[in-house]
Amino acid sequence: MSAESWSGVATGIGSWPGVDARESAATVLGELEALPHLVELPARGLGADLVGRTGALLVDLHLDTSTTGYRLGGRRGVVAARAGDLLRRDLDALEEAWETAGLGPGRTLKVQAAGPFTLAAHTELAGGRRVLTDAGAVRDVAESLGEGLARHAAELTRRLGADVVVQLDEPALPAVLAGTLTGRTTLESVPALPEPEAQHLLETTLAAIGRPVAVHCCAPGVPAGMLRRSGVDAVALDVAQLTAADFDGIGELIDAGTTLLLGLVPSTAPDSAVPTWRELADPATALIDRLGFARATLRSVGVTPRCGLAGADPTWARRALRLARDIAAAFTDDPDSLRSGAAGNVVSLD
């Protein structure tokens with residue numbers, strides 16, 4: 001899959017409600033024809049959440065648990081074995097659903113993992129400090145993750161004949177760069193990671209993966225400039241988190257040809273009336289209008305839920321994917337016919 005092929009598609013962020021790998025795989029393959037993804041099911045518990053799942057992909061590094069979370073080590077323990085077993089079950093379920101759906105080689109599939117910064121922020125060293133506080137350990141994580149994702153993608157290509165693309169989930173990245181993470185103890189401080197160093201680490205992971213990569217960040221303050229300079233192919237973000245301070249960086253991403261994957265659909269069912277796809281598309285049209293780009297720019301974006309769907313009920317999860325698909329189709333078909341986003345704009349201009 002070329003980097004440009006992120007454009008004009010709907011896809012999911014990754015997580016899904018429930019614990020049934022086969023049913024979830026079949027549902028996602030059915031709802032997301034252009035860019036389905038390998039489903040994550042965090043409700044299964046330890047080893048199935050974002051960090052634990054990513055631990056199963058690391059090369060020569062393993063995750064165990066401590067009283068405060070996941071801990072990085074060199075030996076494979078019970079937690080690492082469980083995470084690996086769950087991942088193998090998911091691959092088997094996807095392969096079965098792929099064959100049942102009659103999908104042949106050459107189709108595109110997306111896989112997800114925690115990015116190097118979020119992984120380093122949410123795992124500990126043997127002494128209990130965050131991995132993020134040890135530059136050498138962070139480098140080891142970035143290299144191990146890149147190699148592990150390359151192997152993971154290659155296995156899926158072998159099993160399915162699919163073109164595999166990768167999404168790095170980085171909800172902690174803005175906090176890592178700002179130095180706002182707290183220590184595990186009152187005596188520990190977590191200094192900000194300088195942006196040039198962070199860019200180099202991300203480039204290390206990207207080079208090892210060797211495939212088209214999107215970085216997903218649903219937190220405020222997405223570091224658009226760093227992501228653009230690192231050479232990622234796509235940036236996935238929650239449009240509702242954007243403020244006017246983000247606009248220049250978003251515009252530069254568009255100018256550089258980096259694909260935007262716009263999170264437009266709520267990740268859980270709204271308390272009030274369910275919005276239509278037209279209403280959900282409004283913030284995207286408002287953003288493009290505000291940045292001064294032609295509406296045709298919307299043909300080059302992708303559409304996603306605002307974040308993962310693990311907290312949704314199964315009915316809403318399916319509906320969210322269909323709404324994303326409807327919005328993407330409208331953007332591709334005739335974006336000039338969409339109404340101005342100003343009336344339904346949820347993008348802050350302050």
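The values are calculated or read from the model by the stated rules, or taken from the named source; none is laboratory data. Keep in mind it's a predicted model, so treat the numbers as computed, not measured. Heads up, the Cβs are rebuilt from the backbone with ideal geometry, glycines too, and the neighbour counts pull from every protein chain shown. Just the protein is used for accessible areas: all its heavy atoms, side chains included, with ligands, DNA and RNA removed. Shrake-Rupley method; radii C 1.70, N 1.55, O 1.52, S 1.80 Å.
Odds and ends about this structure:
- Per the listing T118, T67, the residue uniquely hydroxyl-bearing (S, T, Y), without any contact (Cβ under 8 Å) to a residue 24 or more places away in the chain, outside any strand (DSSP E or B) and out of contact with any Gly (no Cβ under 8 Å at 6 or more places or on another chain) is T67.
- Flag for T11 being among the hydroxyl-bearing types (S, T, Y), in contact (Cβ under 8 Å) with a residue 40 or more places away in the chain and under 20 Å from A162 (Cβ atoms): yes
- L86 being aliphatic (A, V, I, L, M), at pLDDT 95 or above, closer than 23 Å to P212 by Cβ and open to solvent by less than 20 Å² (accessible area, probe 1.4 Å): no
- Residues that are over 30 Å from D20 (Cβ atoms) and either in contact (Cβ under 8 Å) with a residue 12 or more places away in the chain or not in a loop (DSSP other than H, G, I, E, B) (or both) within segment 293-306 comprise F293, R295, A296, T297, L298, R299, S300, V301, listed in sequence order.
- Criterion applied to E95, E99 was being under 23 Å from the mean Cα position of the chain (by Cα) and open to solvent by 20 Å² or more (accessible area, probe 1.4 Å), and the one residue passing it is E95.
- Only a single item in (1) farther than 24 Å from L321 by Cα; (2) among the aliphatic types (A, V, I, L, M); (3) at pLDDT below 95; (4) assigned to a loop (DSSP other than H, G, I, E, B) is not met by L58, and it is number (3).
- Out of L309, L280, L264, sole residue that is in contact with a Leu (Cβ under 6 Å, 6 or more places away or on another chain), at pLDDT 95 or above and not in a helix (DSSP H, G or I): L264
Table: residues versus (1) touching a helix residue (DSSP H, G or I) at 6+ places or on another chain (Cβ under 7 Å); (2) assigned to a loop (DSSP other than H, G, I, E, B).
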| residue | (1), (2) |
| --- | --- |
| P17 | yes, yes |
| E23 | no, no |
| A26 | yes, no |
| L29 | yes, no |
| A34 | no, yes |
| A43 | no, no |
| A48 | yes, yes |
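- Any hit, segment 97-104, residues being polar (S, T, N, Q) and over 30 Å from A256 (Cα atoms): yes
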